[in-house]
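Here the structure is laid out as structure tokens; the discussion comes afterwards.
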Amino acid sequence: MNDNKNTTRWRLILGSDTRALANVGLNEQQSVMDAALAAIYDGNTSQSGAAGKKGGLGPSAPNLAKWLTDVRTFFPQDVVSVIQSDAIERKGLTKLLFEPETLKNVKPDISMVSTLMALKGQIPEKSKDTARQLVKEVVDEIMKRMEQNLRRAVTGALNKKAHSPISNFASTDWKRTINRNLKNYDTKTKRLIPEKFYFFERSQKQKNWTVILDIDQSGSMADSIIYSSVMGSIFASMPALDTHVVAFDTQVTDLTELCRNDPVDMLFGVQLGGGTDINKSVAYCQDLITNPRKTMFILISDLYEGGVRAGLLRRLSQMHEDGVKVITLLALSDSGRPDYDANLGKEISKLGIACFACSPDKLPELVEAALKGMDLTKFGQKDKV
């Protein structure tokens, strides 16, 4: 029984052109799986759904829609993402994905959002709403994953519940007031008679910290851009933070207003590809700093600098010396070891500036450590961010 399963598995993996396995029988479901794989991996033609019928994915969106449905039905989610990516790369199916009926069958994932971001200028009007909904589904999932822990990290670091001697009924810390006055409980009247009340700080009208995200728009940073956009949106929604989001290639684009409204709008405001001038972008961000010791600057880039390298190092060093919490993230993603300019990364690290990749799950820890004034270079080495 197990031998039959293994043989069938190898038949699906190697395809029908493998002579030794050509006669292995497949049931209906396995035939559909075989057809879906053959459409991408067996040369220029494939089965369209039933064994023995040749056709390929063809030029029509309905046929592609059926193929996408088959893939999502019979393969695990992680495998679906790989097959979809290979379909775009191997078969040039990008334009077909702009048909609304096709987009509805696509599994929303980071890879697909990256594709839509890169080609947003080519999306026809009839497909824009569907494409936007697909991106929104991915953004919402990331938001659920990141928001609670990131908010907790910021509020914890800023200690918004530090106690104040200023009396204000609305800001009474009842839990602490009761605990500290339990000794004054009157058993006869069954009442607690507090000697002292404790209060939370009043909400400050001014922002406590400025946070600046400087995001590299090069195509290789697509995953990092998506996660960074969500991070920026979360920061922008927090009253204690004055948040700025900047994206760059050879030009600098301030996306702060889009980020405050909707991270999906911000993603469609990003232009993937092009050259890279990190120095120019850092210069722009420097002008946003009014209180260096209450500013966190996060550069998200693979550091392949096309601008003035010495100028970039000089600006980062100046910000660091002025008291800005400077962090260089080579990647903000779940992928493996990032591809980056190792030499420039070493030069930045020599300045005493944290320079490493970070997963979204580790980001709250990193942000909290930065706001608390910890040495982030040691944080990165210790916790292998």
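The values are calculated or read from the model by the stated rules, or taken from the named source; none is laboratory data. Everything quoted here is computed from the prediction, not taken from an experiment. Cβ: placed from backbone, ideal geometry, glycine included. Neighbour counts: every protein chain shown. Keep in mind that these areas ignore ligands, DNA and RNA; they rest on the heavy atoms of the full protein, side chains included. Shrake-Rupley method; radii C 1.70, N 1.55, O 1.52, S 1.80 Å.
How many residues does region 223-243 hold that are more than 17 Å from R151 (Cα to Cα) and open to solvent by 10 Å² or more (accessible area, probe 1.4 Å)?
Residues flagged as more than 17 Å from R151 (Cα to Cα) and open to solvent by 10 Å² or more (accessible area, probe 1.4 Å) within region 223-243 amount to 1.
Enumerate the pairs (first residue in region 228-243 and outside the structural domain of T290 (by the TED database) and of a type in the set (K, R); second residue anywhere and crowded, with 24+ Cβ neighbours inside 10 Å and modelled with pLDDT of 95 or more) with beta-carbon separation below 8 Å, excluding pairs fewer than 6 apart on the same chain, so at least 6 apart or on different chains.
Note: no pairs meet the criteria.
Any residue in region 351-372 that's open to solvent by 20 Å² or more (accessible area, probe 1.4 Å): show its pairings with residues that are of a type in the set (V, I, T) at Cβ separation under 6 Å, as long as the two are six or more apart or on different chains.
Close Cβ pairs satisfying both conditions: C355/T328; C355/I348; F356/V385; K362/V385.
To keep it simple, each residue is scored yes or no on (1) buried (at least 16 other Cβ atoms within 10 Å of the Cβ); (2) over 16 Å from S229 (Cα atoms); (3) in contact with a strand residue (DSSP E or B) (Cβ under 6 Å, 6 or more places away or on another chain).
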residue	(1), (2), (3)
K104	no, yes, no
P108	yes, yes, no
V113	yes, no, no
M117	yes, no, no
E125	no, yes, no
T130	yes, yes, no
V135	yes, no, no
D140	no, no, no
K144	no, no, no
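Of the residues K196, K175, K188, only one is in a helix (DSSP H, G or I), at pLDDT below 90 and more than 30 Å from L366 (Cα to Cα); which?
K175
Select the strands (runs of 3 or more DSSP E) contained entirely in region 285-385, then report the ones holding at least 1 residues which are farther than 30 Å from S111 by Cβ.
By residue number, 295-300, 325-332.
Determine whether D375 is free of Cβ contacts under 8 Å to residues at least 24 places away in the same chain, surrounded by fewer than 19 Cβ atoms within 10 Å (Cβ to Cβ) and closer than 24 Å to H244 by Cα.
So D375 fits the description; yes.
Could you tell me whether any residue of region 303-316 is surrounded by fewer than 22 Cβ atoms within 10 Å (Cβ to Cβ), touching a Gly at 6+ places or on another chain (Cβ under 8 Å), closer than 16 Å to M221 by Cβ and modelled with pLDDT under 95?
Checked region 303-316: at least one residue is surrounded by fewer than 22 Cβ atoms within 10 Å (Cβ to Cβ), touching a Gly at 6+ places or on another chain (Cβ under 8 Å), closer than 16 Å to M221 by Cβ and modelled with pLDDT under 95.
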